[in-house]
Amino acid sequence: MAFLFGALLGLVIGVAVVMAFARLENSRAEQRRELAATVSSFSKLTVQDLKTLIPPEFYPSWLKWLNQELIKIWPFVNEAASELIKTSVEPVFEQYKSFILASIHFSKLTLGTVAPQFTGVQLLDSDSAGIIMELEMQWDGNPNIVLDIQTTLGISLPVQSKVDFTLKVVGGEMTAIPGISDAIESGDTMPATFSDLELKPVGLLEVKLVEARDLKNKDLVGKSDPFAVLYIRPLSAKTKKSKTINNDLNPIWNEHYEFVVEDSSTQHLTVKIYDDEGLQPSEIIGCARVELAGLQPGKVKDVWLELVKDLEIQRDKKPRGQVHLELLYYPFGKQEGVSNPFASQIQLTSLEKVLKTESNGFNVNQRKNVIMRGVLSVTVISAEDLPAMDVMGKADPFVVLYLKKGETKKKTRVVTETLNPIWNQTFDFVVEDALHDLLMVEVWDHDTFGKDYIGRCILTLTRVILEGEFQDTYVLQGAKSGKLNLHFKWTPQPIYRDRDRDQ
């Protein structure tokens, strides 16, 4: 009897355990199904749904800090970005002008006063090397962009533009940046000056806009009235503009400018030549660019640049002329692997001795008060491959030399019946202001009843002032062929300007 009672009790307990285990498993399975449904629901949430569920006060602390700093720097970003957009896009508009459209340009361009804000973050990848995130930016801005379209009929069509954009920032943890983690955790306010982000001047670029030649004529009647605009950074305060030379496709400016260089390895000098249209918007003739990385510090570089319609989209291959520049870059202090020609341990040239200050530094303001007076000795050695000027296939060449600011002209003897004349004649010029004068060298063909123009060279005096003496070969401008071999020597007599008289 006891055995049957034990067996029955064991059976009851076993059934109860099995039923309890089955009930427990069913309950766990139901919980897993509910969890899976919840996860599935979360995966279907949009960004806007997440923003509703997680208000801004629950954003990560570093994201809040980043948005605060964006608000601080936005006025500066707005100014720089507006200028950059304008200078980059307006040349592209030139590609789409037609006989109906006279000009297309921005009459107003500002991104407004409201800064964009980061509103979300998504982790894209994570490994031992770092973290890649995608930051979502929202911009409820108030940009004001007005595109002014001028027609040939004199009708102006202002067009209001709307701007939409998205920005993705790829990087790692913001708290990995030194100083940010401590500042966020302590609640300190980060500095608002951003001086560490600002580009620091590393040198000065001296630019002499000498001349242009064979410019494309943009006028139906007469010739273009060209002027030049030069800049390193496309900001109005840092842009230089030359005077306008009326009715001339081969203008000579001989103007000098200075530019502050912040990064010689990446920055470049941009030159744009325009046709002055008076009350109408100026029309671009062509533009060119010089990479500063190709300049050797302390050495004068004389360049002729081919003008193109647009620096980015070069669809128009038609010739637009050339512009002649003289460039001189000198860094502040020393650059790695490059000796500064203005340093005290380097033997100074006459120009550098005058410009050197008592504090063993280079004084930019003092240079502007210096007149480089001296004697320029020019030896006309020879010419090569001159074009034939008579029916016998020969020429009777001679050379005329003069300073642009002077009145005295010097002339070599005539060498008859040759295209490769040798003169070896030396001429001396008393130069009153060598930094701002030009040497004009013209080659002519002598005829019994007159003379015929062959070509010319226009030379600045900066190189001979710096080097003291040198010899070089120059291609004749305006001639089908031909080169001149010249030797230069400079004997300085520097003086200072009378400041009181100038004022």
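The values are calculated or read from the model by the stated rules, or taken from the named source; none is laboratory data. Worth saying up front: this structure is predicted, and the values here are computed from it rather than measured. All Cβ positions, glycine included, derive from the backbone under ideal geometry; neighbour counts span all protein chains shown. Side chains included, ligands, DNA and RNA excluded: accessible areas come from the protein's heavy atoms. Shrake-Rupley method; radii C 1.70, N 1.55, O 1.52, S 1.80 Å.
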message = Against the condition more than 18 Å from the chain's Cα centre (by Cα) and under 26 Å from Pro319 (Cβ atoms), how does Pro297 come out, does it pass?
response = no
remark   = When every residue in segment 85-123 that is modelled with pLDDT of 80 or more and out of contact with any strand residue (DSSP E or B) (no Cβ under 9 Å at 6 or more places or on another chain) is compared, the one least open to solvent (accessible area, probe 1.4 Å) is Ala115
query = Taking segment 260-313 as the region of interest, how many residues are among the basic types (Lys, Arg) and in contact with a Lys or Arg (Cβ under 8 Å, 6 or more places away or on another chain)?
reply = 1
inquiry  = Condition check: closer than 15 Å to Leu403 by Cβ, in contact (Cβ under 8 Å) with a residue 40 or more places away in the chain and either in contact with a Pro (Cβ under 6 Å, 6 or more places away or on another chain) or open to solvent by 70 Å² or more (accessible area, probe 1.4 Å) (or both). Does Asp428 satisfy that?
reply    = yes
query = Does segment 321-336 include one or more residues that are in contact with a Leu (Cβ under 8 Å, 6 or more places away or on another chain), of a type outside the set (A, V, I, L, M), in a loop (DSSP other than H, G, I, E, B) and modelled with pLDDT of 90 or more?
reply = yes
message = Name the residue that is farthest from Leu461 (Cα to Cα), counting only residues in segment 203-245 that are in contact (Cβ under 8 Å) with a residue 60 or more places away in the chain and either basic (Lys, Arg) or open to solvent by 50 Å² or more (accessible area, probe 1.4 Å) (or both).
response = Lys218
key: All positions within segment 246-262 that are open to solvent by 50 Å² or more (accessible area, probe 1.4 Å) and more than 30 Å from Gly222 (Cβ to Cβ)   = Val260
remark   = Here the residues within segment 449-486 that are in a strand (DSSP E or B), within 23 Å of Val414 (Cα to Cα) and open to solvent by 40 Å² or more (accessible area, probe 1.4 Å) are Lys451, Asp452, Tyr453, Arg456, Gln471, Asp472, Thr473, Tyr474, Val475, Lys483
inquiry  = Please determine whether any residue of segment 273-286 is among the hydroxyl-bearing types (Ser, Thr, Tyr), closer than 25 Å to Ile458 by Cα and more than 11 Å from the chain's Cα centre (by Cα).
reply    = yes
message = Checking the structure you have, find out if any residue of segment 408-424 is under 30 Å from Glu258 (Cβ atoms), without any contact (Cβ under 8 Å) to a residue 60 or more places away in the chain, exposed (fewer than 14 other Cβ atoms within 10 Å of the Cβ) and of a type in the set (Lys, Arg).
response = no
